[in-house]
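Enquirer: I am attaching a structure below and will ask some questions about it afterwards.
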Number of protein chains: 2
Amino acid sequence: MAIEMAVVHSIETLQGMIDRNKREGRTVGFVPTMGFLHEGHLTLVKHAREHNDVVVMSIFVNPAQFGPGEDFEAYPRDVERDASLAKEAGVDILFMPTSEEMYPQDGGVRILPGPQSKVLCGASRPGHFDGVLKVVLKLFNIVDPDRSYFGMKDAQQLAIIETFVRDYNLRTSIERVPIVREKDGLAKSSRNVNLTEMERMEAPVIQQALKKGVLLFNEGVSVDEIEREITAHIMENSSGIMDYVSLLSYPELTEYDDSSDEAILACAVKFGKTRLIDNTIMSTKDGYHVQNDDEQ
Amino acid sequence: MAIEMAVVHSIETLQGMIDRNKREGRTVGFVPTMGFLHEGHLTLVKHAREHNDVVVMSIFVNPAQFGPGEDFEAYPRDVERDASLAKEAGVDILFMPTSEEMYPQDGGVRILPGPQSKVLCGASRPGHFDGVLKVVLKLFNIVDPDRSYFGMKDAQQLAIIETFVRDYNLRTSIERVPIVREKDGLAKSSRNVNLTEMERMEAPVIQQALKKGVLLFNEGVSVDEIEREITAHIMENSSGIMDYVSLLSYPELTEYDDSSDEAILACAVKFGKTRLIDNTIMSTKDGYHVQNDDEQ
């Protein structure tokens with residue numbers, strides 16, 4: 001655990017600290033977040049803490065990845081609580097830039113993800129993953145981490161970032177960290193606080209439906225039929241509205257077929273104004289099994 | 001001057017060498033090229049040699065920046081001569097990857113430059129600067145240079161790369177190096193060898209026309225009139241066909257107006273199949289003057 005945690009707002013100050021640590025031979029682990037920390041984030045820190053000398057966390061609600069009408073303004077923020085949780089979890093440097101610090105100018109250069117970005121969340125959030133890759137490349141250049149930690153709850157984001165890192169020789173490894181869940185199975189999310197009491201009670205239906213999907217998959221049921229069953233389960237057992245449910249190869253996010261080593265079963269469900277996502281990644285070799293969840 | 005020069009084809013080997021040098025506190029200067037070296041490239045090396053402990057040159061004819069019907073196959077290559085010139089100029093590490101080494105897979109992530117890429121050469125070479133930014137980001141990540149050296153002959157490329165580096169916090173500084181010319185004023189270019197004897201004799205008309213343009217600019221002649229005069233000068237005094245001539249603000253590459261600190265007067269002229277570019281950058285404060293040329 002870090003005894004002192006530095007809170008840094010300026011890119012230049014942060015780079016000075018990182019460069020000093022690197023010169024002295026220390027490794028840097030990086031946990032990028034949008035804040036409003038929960039156990040999922042703290043699990044990322046725990047992994048980073050185990051494998052690196054210095055742990056950097058960023059908190060930046062990135063306007064570039066919110067579309068028009070999305071919840072940028074409503075995205076929950078609690079800086080003091082976050083700082084206290086980060087310090088307790090063992091973060092050494094907490095980087096909290098303003099939008100002006102991150103985007104002082106814009107010459108219009110954009111990073112466009114490939115076909116992976118057109119499915120799942122990308123289908124209903126055009127431009128979202130452009131914004132993700134923009135901030136990720138900036139943060140990687142600013143922090144220069146040896147290892148960067150991402151949760152598997154945002155499985156599409158993770159797949160796109162892994163592809164970007166591989167194809168562009170980015171100098172960080174990407175570390176996949178399993179989904180962390182509430183006791184009743186709801187995946188931890190900063191957005192969960194926006195659920196009404198009723199919606200919060202219903203929301204575990206998402207994981208129940210995914211579990212049902214995995215069973216059907218293991219029984220050899222067709223992709224279409226699995227997707228229909230999941231939709232039906234959620235609609236019949238809650239007030240949730242399906243945004244999408246898809247079974248695809250992973251991390252390619254192309255149509256699933258028998259030649260894929262891994263498959264993802266992913267869905268997004270709206271409870272009122274709150275959109276929740278969840279997924280399960282299944283290894284399709286040596287029999288099927290779920291591999292991206294911490295068992296509760 | 002380097003006594004030994006390492007010739008490296010593998011990304012992994014190169015990164016190992018760079019990391020070792022960095023750990024020992026050495027600075028790295030980088031000169032990216034497409035080979036067929038001339039004095040322009042060697043001037044870049046000279047600058048890199050003066051300011052860095054280790055000088056890395058890459059030679060890679062990047063297929064991603066050639067469009068359909070462009071001269072990727074015809075682009076001149078002479079690896080042995082290049083290696084000998086590079087060593088003589090003081091390169092420590094010569095990186096010559098194959099296309100397979102650089103582009104083993106393609107997940108479809110693209111980097112799109114902004115409005116700067118729509119004018120000048122970009123207008124007639126759609127996708128060209130996407131390919132440039134792709135290879136530049138890869139090379140920067142592979143080489144991890146403290147300083148990278150670019151010639152001002154490719155002034156649009158330089159402006160776009162400067163913007164990318166600034167907006168995405170890339171960890172290298174970009175060093176502008178003035179145009180190097182033949183005795184008769186023709187800007188040095190790997191493509192000059194493709195000119196016929198007659199075309200080679202006519203080609204200095206490009207710089208003459210640009211000089212005329214600068215005089216007119218200093219006399220307060222309008223942008224449109226300057227562009228017309230340059231076109232007329234080249235068409236009347238050579239077999240060259242104008243591809244474009246433009247006077248723009250620099251490095252924004254927007255319409256020139258009095259508030260711009262710098263202006264660029266740039267043109268591209270076709271002699272037979274060979275397309276030559278040249279430019280002049282003018283400071284527009286404290287009286288006009290040409291600033292991007294080594295005086296011959």
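Enquirer: Take the residues in segment A:150-184 that are hydroxyl-bearing (Ser, Thr, Tyr) and touching a Ser or Thr at 6+ places or on another chain (Cβ under 9 Å), then tell me which one is nearest to residue A:248 (Cα to Cα).
Expert: Checking each candidate, the answer is A:173.
Enquirer: Does segment A:173-180 contain any residue that is within 14 Å of chain B (Cβ to nearest Cβ) and either closer than 23 Å to residue A:147 by Cα or aromatic (Phe, Trp, Tyr) (or both)?
Expert: Yes, there is a match, as at least one residue in segment A:173-180 is within 14 Å of chain B (Cβ to nearest Cβ) and either closer than 23 Å to residue A:147 by Cα or aromatic (Phe, Trp, Tyr) (or both).
Enquirer: Quick check on my filter: what residues within segment A:126-149 are farther than 25 Å from residue A:69 by Cβ and either open to solvent by 10 Å² or more (accessible area, probe 1.4 Å) or within 13 Å of chain B (Cβ to nearest Cβ) (or both)?
Expert: Passing the criteria: A:137, A:139, A:140, A:141, A:142, A:143, A:144, A:145, A:146, A:147.
Enquirer: Could you check how many residues of segment B:216-254 are touching a residue at least 40 places away in the same chain (Cβ under 8 Å) and open to solvent by 60 Å² or more (accessible area, probe 1.4 Å)?
Expert: Residues that pass the stated criteria total 4.
Enquirer: Looking at segment B:128-151, is at least one residue free of Cβ contacts under 8 Å to residues at least 12 places away in the same chain and not basic (Lys, Arg)?
Expert: Yes, segment B:128-151 contains at least one residue that is free of Cβ contacts under 8 Å to residues at least 12 places away in the same chain and not basic (Lys, Arg).
Enquirer: If a residue has to be at pLDDT 95 or above, touching a helix residue (DSSP H, G or I) at 6+ places or on another chain (Cβ under 8 Å) and farther than 22 Å from residue B:19 by Cβ to count, how many in segment B:46-64 make the cut?
Expert: 1
Enquirer: Test of understanding: among A:31, A:55, A:61, which residue is part of a loop (DSSP other than H, G, I, E, B), open to solvent by less than 30 Å² (accessible area, probe 1.4 Å) and touching a residue at least 12 places away in the same chain (Cβ under 8 Å)?
Expert: Just a single option satisfies the conditions, and that option is A:61.
Enquirer: crowded, with 20+ Cβ neighbours inside 10 Å, of a type in the set (Phe, Trp, Tyr) and more than 9 Å from chain A (Cβ to nearest Cβ): is that true of residue B:164 in this structure?
Expert: No: the conditions fail for residue B:164.
Enquirer: Among the candidates A:119, A:79, A:7, single out the residue that is open to solvent by 30 Å² or more (accessible area, probe 1.4 Å), touching a residue at least 24 places away in the same chain (Cβ under 8 Å) and closer than 26 Å to residue B:137 by Cβ.
Expert: Just a single option satisfies the conditions, and that option is A:119.
Enquirer: Every residue in segment B:76-125 that is within 12 Å of chain A (Cβ to nearest Cβ) and part of a helix (DSSP H, G or I), please.
Expert: Once the filter is applied, which keeps residues that are within 12 Å of chain A (Cβ to nearest Cβ) and part of a helix (DSSP H, G or I), segment B:76-125 yields B:101, B:102, B:115, B:116, B:117, B:118.
The values are calculated or read from the model by the stated rules, or taken from the named source; none is laboratory data. This is a predicted model, so every value here is computed, not measured. So basically every Cβ, Gly included, is an ideal-geometry build from the backbone, and we count neighbours across all protein chains shown. The area values use the complete protein model at the heavy-atom level, side chains included, leaving out ligands, DNA and RNA. Shrake-Rupley method; radii C 1.70, N 1.55, O 1.52, S 1.80 Å.
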